[in-house]
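> Supplied in structure tokens, the structure appears directly below.
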Amino acid sequence: MERNSPPWSLCSFVLHGIQQRLEHYMAAKGRGVKKGGGCCSTSHLVVLVLVGGVAVWVLAQWKYLDAVDQRRGPSEDMEETAVEAAASSAATPHTAAEDLSVVRVADRPMSGPSVGGSSAAGASPEDHVHELLPSGHSAPLPSSRRLEACPVRAKRRSAWGSVVKEDMKLMSTTKHMADTCHRQGSALVFTVSIGKAKRLDGFAYELAFPDNIVADEPGAAGAPGRRSTLQLFAVLAQGGGGFQALQPLGPPHADHKTISDVGDGAFSHWREPLVNGPSSRSHIRFSMPENLPLSNFKAVVAVVFPMAPPIGWVEFVHKPNKKAKDYDSQKRRRRKEIYRELYFESFHTVGVQPELVDRPSETRKDAWYLWRVSHHDEFDVPLNPGELYEKQMPHQFAKFFGEFEESGATLWPPPKTYHYYENKVGLAELFKSSGVKTPTTWVFRSAAEAHRAADEVKYPVIVKDPYGYSSIGLLQAQDKSEFSTAIEEFFKNAKVGVEALVQNKVQALREARITYVDGRPFHGYWRIRENIKSASAASTRGGYQDFSFPLAEIAPFVERFANLTGVVVGGADFIWQEREPNVKVEPYCLEVSPTSDINPEPPAGWDKAYAEFKKEKGFRAAYLKVRRQWTDAMVLAVVDRYRRQRRSLFVELDGVLAGLAAAVPALKGARAELGPSLAGAAGALRELRALFFVRLFTVRGLAGDSFNTTQWWLDAKGIQYDELIVLRKAEHGAAYVQPGALVVAVSAAGSETAAAFRRAGAVLLPFLDGGWQEILPALRREAVVGGGGSNW
């Protein structure tokens with residue numbers, strides 16, 4: 001049905017009127033206006049709703065008759081449009097959310113049909129598309145296209161264990177800054193009222209933006225340093241209507257000084273670096289185009305292409321032993337379930353709706369799945385006769401969760417690292433084979449074997465249960481005599497088959513507990529022994545904590561340690577021989593666990609034992625808060641790893657997609673023929689998306705509704721891509737690339753865009769008369785030679 005047809009216009013007018021009345025009603029209600037009379041009376045609203053129902057019925061009948069008429073005799077043009085609509089649907093990058101058959105209602109309202117809201121009076125989105133298309137070509141919006149809700153917090157399956165209400169209340173703390181959010185194609189569109197911005201120094205303003213946490217970490221190398229794909233648009237307060245009022249901001253990824261001192265649209269979507277500790281928050285710092293007053297604008301619109309893989313959660317359905325002495329049916333504080341709910345808080349903030357699975361057959365090849373087993377009592381370990389629980393447990397962890405990867409899925413963290421969970425014998429072998437600096441270690445399988453080697457042992461030593469945790473069962477010996485006594489005591493109390501792990505004691509008061517994610521320190525503190533004779537710095541052994549640990553200084557070693565061992569996520573204990581440790585010097589590693597608990601920092605000025613803080617009222621909130629920050633870091637690590645699998649390929653939209661040798665001002669109002677190579681461009685980009693992240697860019701200035709019109713045209717023509725970047729100025733394109741990035745552009749002499757990319761260190765591949773057939777072989781070679789996406 002045409003949008004300018006009488007029924008459409010009439011129904012739109014009626015429904016728009018109802019919407020306005022409802023808004024007046026809600027506004028009046030919010031101001032406390034009494035009911036009865038005027039435009040906001042309840043009886044008036046009932047009449048409006050009835051009229052609206054009739055309008056919707058008329059509209060539905062007209063659409064039905066129109067559809068019947070099309071089925072009776074479709075024209076060739078209609079058939080072509082249907083084919084293009086199908087191609088557009090197929091071209092949209094696949095995400096986990098698209099597998100959901102149930103349409104979800106977001107916890108925020110969806111905005112209008114496009115970036116920036118409603119169109120100018122009397123103009124439809126199609127009108128603006130046609131204005132920008134070359135003559136002789138039409139590109140109506142695909143009939144199958146519709147706006148969808150942004151990802152929302154997932155809900156557990158009914159068969160999965162619940163979490164106590166008190167914890168759920170403390171966990172559900174995500175506050176949205178955006179007034180509206182909707183999914184438009186593969187982009188997420190957030191609209192934020194300008195009044196929420198806070199004025200900073202110079203030309204800078206800032207918004208907290210927890211809605212999307214995939215933000216840059218200033219100073220971080222590689223993907224985290226340029227992680228954000230957020231584009232920012234300003235919406236003018238007056239004039240032109242929504243479609244004419246959008247103004248792209250830029251350049252992105254700007255440093256804070258440039259935003260403050262220079263401004264002119266420079267912005268940054270950023271968060272505190274991970275090495276600053278577990279306090280990172282997502283922010284948007286920005287300036288306005290031409291440094292116009294903030295009062296000239298009514299909103300900012302953030303457009304995000306998530307560029308994340310399908311992400312999911314693997315649940316282990318625990319079957320508790322109800323006959324156990326410590327079984328408590330009312331106790332629902334199992335840590336794995338708490339972590340699951342915390343992940344549910346994190347998933348949608350990276351732009352994905354998670355897939356939920358609890359069987360290996362449910363996983364899929366291209367998806368990444370998070371999981372967590374926090375303690376051995378949350379996992380069922382079936383044993384064969386003669387098998388020892390302590391020895392089988394870590395290997396069964398690794399085997400069980402490893403089966404979820406047999407479909408080709410990827411689990412994070414890697415299940416194979418759980419062979420070392422509460423398994424110090426395995427760790428000793430790993431450290432030796434990987435060259436990790438660790439105290440001299442012996443493993444004895446009997447008291448007799450230990451006595452025979454007593455003269456070879458270098459004292460003092462610590463005697464450990466290799467399958468223990470929390471420093472339980474530690475013994476120490478200063479000399480051979482004490483060693484003999486300690487060994488006899490150990491094997492007297494140990495289960496048959498449990499070895500004694502003996503480790504040379506490093507004489508130091510301080511040791512460090514570092515929690516890291518993908519080889520990057522996330523949380524750390526000093527564990528300080530009660531005295532030099534103490535066997536452990538654990539709080540259960542009288543130790544205390546100092547949270548003023550320099551994470552950034554130990555970061556290079558932690559990265560090296562993770563690479564050497566392959567334990568890329570975990571908690572490690574490091575120790576230095578010196579009384580005043582220099583954390584830039586390689587320490588001894590005492591042990592590492594792929595699953596470690598995280599102690600939250602106590603309040604400022606806390607001078608009691610840490611064990612006392614655990615009894616305080618505020619401890620539980622702090623406990624859950626630091627774990628939520630950890631789940632954020634884990635999900636961001638998945639996004640970073642996914643993006644490192646392929647290089648970014650930037651493609652200049654203007655000219656290249658038209659298949660011409662020189663820059664053609666297509667999509668800028670010029671009347672130029674597209675040429676026969678558009679189909680070739682669509683096919684080439686379809687192939688290239690399997691090799692690269694295809695990131696289209698176009699320089700559009702301040703005129704028109706640049707993002708919407710360009711996106712609609714691309715989707716209508718079946719052009720596949722991962723990101724569409726709209727630039728206000730040609731030189732802003734350089735902010736998106738890092739040295740070595742690939743850029744396909746028309747090599748026009750004096751091109752500002754090409755020059756900007758060259759200055760940024762990009763590899764510019766000229767698009768010549770041979771078109772895509774000429775350049776494809778070179779791009780295929782680059783995909784093989786270039787490997788992963790280190791230049792993201």
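> Please list, by residue number, everything in the range 332-355 whose backbone N is under 16 Å from a paramagnetic label point 7 Å out along Cα→Cβ of Glu166.
Backbone N within reach: 332-335, 338.
> Here's a follow-up. If I model a spin label as a point 7 Å beyond the Cα along the Cα-Cβ vector, how far apart are those points for Lys615 and Gln645 in nm?
Each label point is offset 7 Å from its Cα along the Cβ direction, giving 5.1 nm.
> Full-extension gain between Tyr459 and Leu200, please, as 0.36 nm times their residue separation minus the C-alpha to C-alpha distance.
Values: separation 259, 0.36 × 259 = 93.24 nm, distance 5.97 nm.
That pair, Tyr459 and Leu200, stretches by 87.3 nm at full extension.
> Enter the Cα centre distance for the pair the range 600-660 and the range 279-293, rounded to the nearest angstrom.
21 Å
> Taking each pair of different alpha-carbon atoms in the range 477-635 once, compute 1/r for the pair, average those values, and report the inverse of that mean as the Kirkwood hydrodynamic radius in Å to one decimal. Provide the component values of the computation, followed by the final result.
Details: mean 1/r = 0.0575 Å⁻¹.
So the Kirkwood estimate lands at 17.4 Å.
> Which length gain, in nm to one decimal place, applies between Lys492 and Lys399 when the Cα-Cα distance is subtracted from 0.36 nm times their residue separation?
Here the answer is 30.3 nm.
> Kirkwood hydrodynamic radius (Cα pairs, Å) of the range 177-288?
14.7 Å
> Tell me, what does the Kirkwood hydrodynamic radius of the range 483-531 come to in angstroms if you use every pair of distinct C-alpha atoms?
14.2 Å
> Rank these residues by their accessible area, most exposed first, probe 1.4 Å: Glu499, Glu612. Can you show the working numbers first?
Numbers: Glu499 15, Glu612 75 Å².
Largest accessible area first, the residues go Glu612, Glu499.
> A follow-up question, please. Under the √(5λ) rule applied to the eigenvalues of the Cα gyration tensor, what semi-axes describe the equivalent ellipsoid of the range 362-430? Give them in Å, descending.
Whole-Å semi-axes of the equivalent ellipsoid: 23, 14, 11.
> Rounded to a whole number of µm²/s, how large is the Stokes-Einstein D of the range 565-636 at 10 °C and 1.306 mPa s, given Rh as the Kirkwood radius over C-alpha pairs?
107 µm²/s
> What ranking, highest mean first, results for peptides 347-360, 403-416 when packing means the other Cβ atoms within 10 Å averaged over each residue?
Put in order of decreasing packing, that is 347-360, 403-416.
> Distance check, please: which entries in Lys391/Lys505; Lys424/Lys615; Lys437/Lys608; Lys155/Lys625; Lys336/Lys399; Lys298/Lys717 exceed 22 angstrom between their Cα atoms? All intermediate terms of the calculation are to be shown ahead of the outcome.
Details: Lys391/Lys505 25 Å; Lys424/Lys615 31 Å; Lys437/Lys608 34 Å; Lys155/Lys625 20 Å; Lys336/Lys399 18 Å; Lys298/Lys717 33 Å.
The answer is Lys391/Lys505; Lys424/Lys615; Lys437/Lys608; Lys298/Lys717.
> Once the piece of chain linking Arg452 and Lys319 is laid out straight, how much longer is it, given 0.36 nm per residue of separation minus the C-alpha distance between them? Write out the running numbers ahead of the final one.
On the way: separation 133, 0.36 × 133 = 47.88 nm, distance 4.47 nm.
So the chain would gain 43.4 nm between Arg452 and Lys319.
The values are calculated or read from the model by the stated rules, or taken from the named source; none is laboratory data. In this text the structure is predicted, and so the values were computed from the model without any measurement. Because the Cβ atoms are built from the backbone with ideal geometry, glycine has one as well, and the counts that use them run over all protein chains shown. Surface accessibility is based on the protein's heavy atoms, side chains included, excluding ligands, DNA and RNA. Shrake-Rupley method; radii C 1.70, N 1.55, O 1.52, S 1.80 Å.
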